[in-house]
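The values are calculated or read from the model by the stated rules, or taken from the named source; none is laboratory data. A quick note: this is a predicted structure, and the numbers were derived from the prediction, not measured. Glycine also receives a Cβ, built like all others from the backbone with ideal geometry; neighbour counts cover every protein chain displayed. Just the protein is used for accessible areas: all its heavy atoms, side chains included, with ligands, DNA and RNA removed. Shrake-Rupley method; radii C 1.70, N 1.55, O 1.52, S 1.80 Å.
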Amino acid sequence: MTAGFVKLLVSDPERSRAFYEALGFERTQHEPPFIHLVWEGKVDLYLVAPPAQLKLEGRRGLGVLVGFRAEGPGSLDELLLRAQAQGAPVEGPTVQPWHTREVVVTDPDGYRLNFIEPA
């Protein structure tokens, strides 16, 4: 288990699960209301179905980028192709002045995922 993790409230857990698995996340557990995924064996991500009485309104994750390091040769380019195949909005790749190459992918609920690798 890692020291940190991210929980995202999602409107359709199965749609989100399929999206994240298509990007390369691995499912380790699925016990409603949680779906536990792992990115490259290092980062825990939980997709959470909110209780029925909680209405998710407005844009999700406004002002937040959820960051993941892409490791290995070609992994950022592979992720970009996977995201495009899902029809996800994609920004980049962009080489940043802080010496990273980055892609931002927006998931079905509007969360912005920032994948980075050294430039």
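Within segment 5-23, track down each residue that is of a type outside the set (A, V, I, L, M), open to solvent by less than 40 Å² (accessible area, probe 1.4 Å) and at pLDDT below 95. Show your work before the answer.
We begin by selecting, within segment 5-23, every residue of a type outside the set (A, V, I, L, M); these are 5, 7, 11-17, 19-21.
Going one step further and asking which of them are open to solvent by less than 40 Å² (accessible area, probe 1.4 Å), we end up with 13, 16, 19-20.
The answer is Pro13, and nothing else.
How many of the residues making up segment 64-119 are closer than 19 Å to Arg17 by Cα and polar (S, T, N, Q)?
Residues meeting the conditions: 4.
Looking for something among the charged types (D, E, K, R) and more than 25 Å from Phe5 (Cβ to Cβ) - is there at least one such residue anywhere in segment 70-77?
Checked against the condition, which is being among the charged types (D, E, K, R) and more than 25 Å from Phe5 (Cβ to Cβ), segment 70-77 yields at least one hit.
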